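Here the structure comes first, spelled out in C-alpha cells, and everything after it is commentary.
The values are calculated or read from the model by the stated rules, or taken from the named source; none is laboratory data. These figures come from a predicted structure and were not determined experimentally. Neighbour counts are summed over all protein chains in view; Cβ atoms, including those assigned to glycine, are modelled from backbone coordinates with ideal geometry. Just so you know, the surface numbers come from the protein's heavy atoms only, side chains and all, with ligands and any DNA or RNA stripped out. Shrake-Rupley method; radii C 1.70, N 1.55, O 1.52, S 1.80 Å.
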Amino acid sequence: MRYSWLLLLPLLAACNSTPSAVNEGTVSRMADRQARDTTALPPPDTAAAKAVSAASDTLRVARQRHNFSHAEGPPDVFQLVFRGPSILEGTAEFTITNPEGQVIFREMLTEPDLEAALVYEMKAPTATRAERETFVLRRIDRFFLPAQFHTPAIGANTTFPTGITTLDQATWNDLRKRPDAIGFEYLKGKEDRQRIAWSALKKQVVRVQ
C-alpha cells in the first residue's frame, strides 16, 4: 500500500505544476505581443513638422488708405508687400483692396522695377550694395505719397494714349466726364510712369497712362 502511494507522488507533482506552467506561458505570450505592438509604431518625427510662418520672408510693407473706387469714401487700402531672401533678391506685390474687402488690383513688381531709377542719383559709376538696398527700401516707403494721387484721374486736355492695349475709347471718355475720379501714379522701372484709375463704367481698375 505504501508503495502505491509512492508511485502516485510524481503524478500529483506534475498535476500541481501544470497551471503554473500554463500561466507562465500565457503571460510570456502576452508580454511578447505587447513588445511587438510597442515596436511596430515608430516614434513621432517632431523634426519633420516645423512651424512655418507665412510672413517669414516679408522684408518690408508699405500701406496707405485713400479714396479710390469710391470718390467720396470710404477709402481703399493700398499696400505694397516686399518679400524675398534679401532686399536685392525680392519681389513686391502691389494690391488695392476696396472697402468691401475685395482685391480690385494686383501687380507684381520685381526688385529691378524699384531699383532702376537709382541711376539718376548715383554719383559714381557703380553703387554699393548698401546704397542699392537703401534706395529700394526708400522706394517702398514712399510708394504711396499723397502727391501720387490725382483728381481728376484724367485731365480735360489729355489725349487718348494709343500705347495702352487694355484701354478702350469708351472707358477713357467716361473717365474724362468724371471730375471726381481719382488716379494713382507710380514709377515702374527707370522711366515707366504709370497711372491707374477706377472705371465706374467697367467696374474695374484700368491703366490710363
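Which condition does Arg138 not pass, out of (1) touching a residue at least 12 places away in the same chain (Cβ under 8 Å); (2) surrounded by 12 or more Cβ atoms within 10 Å (Cβ to Cβ); (3) closer than 21 Å to Thr95 by Cα, if it passes all the others?
Failed condition: (1).
Can you tell me which residues in the range 175-199 are outside any strand (DSSP E or B) and surrounded by fewer than 16 Cβ atoms within 10 Å (Cβ to Cβ)?
Of everything in the range 175-199, those that are outside any strand (DSSP E or B) and surrounded by fewer than 16 Cβ atoms within 10 Å (Cβ to Cβ) turn out to be Lys177, Pro179, Asp180, Gly189, Lys190, Glu191.
Which numbered condition in (1) β-branched (Val, Ile, Thr); (2) open to solvent by less than 70 Å² (accessible area, probe 1.4 Å); (3) over 28 Å from Lys203 (Cβ atoms) is the only one that Thr126 fails?
The single condition Thr126 does not satisfy is (2).
Confirm whether Ser56 is at pLDDT 50 or above, exposed (fewer than 14 other Cβ atoms within 10 Å of the Cβ) and in contact with a strand residue (DSSP E or B) (Cβ under 8 Å, 6 or more places away or on another chain).
Numbers: at pLDDT 50 or above: yes; exposed (fewer than 14 other Cβ atoms within 10 Å of the Cβ): yes; in contact with a strand residue (DSSP E or B) (Cβ under 8 Å, 6 or more places away or on another chain): no.
Taking the combined requirement at face value, the residue does not satisfy it.
Looking at Ala170, Ala116, Ala127, which is the one that is modelled with pLDDT of 95 or more and outside any helix (DSSP H, G or I)?
Of the residues listed, the single one that is modelled with pLDDT of 95 or more and outside any helix (DSSP H, G or I) is Ala127.
Inspect the range 82-97 for any residue being in contact with a strand residue (DSSP E or B) (Cβ under 7 Å, 6 or more places away or on another chain), more than 20 Å from Arg195 (Cα to Cα) and part of a helix (DSSP H, G or I) and give the result as yes or no.
Checked the range 82-97: at least one residue is in contact with a strand residue (DSSP E or B) (Cβ under 7 Å, 6 or more places away or on another chain), more than 20 Å from Arg195 (Cα to Cα) and part of a helix (DSSP H, G or I).
Return the residues of the range 144-173 that are more than 36 Å from the chain's Cα centre (by Cα) and in contact (Cβ under 8 Å) with a residue 12 or more places away in the chain; say none if nothing qualifies.
Ala156, Thr158, Phe160, Ala170
For Thr165, are the conditions met, namely being among the β-branched types (Val, Ile, Thr) and open to solvent by less than 10 Å² (accessible area, probe 1.4 Å)?
Values: among the β-branched types (Val, Ile, Thr): yes; open to solvent by less than 10 Å² (accessible area, probe 1.4 Å): no.
So Thr165 fails the test.
Can you tell me how many residues in the range 82-120 are open to solvent by 50 Å² or more (accessible area, probe 1.4 Å) and closer than 15 Å to Gly189 by Cβ?
Of the residues in the range 82-120, 6 are open to solvent by 50 Å² or more (accessible area, probe 1.4 Å) and closer than 15 Å to Gly189 by Cβ.
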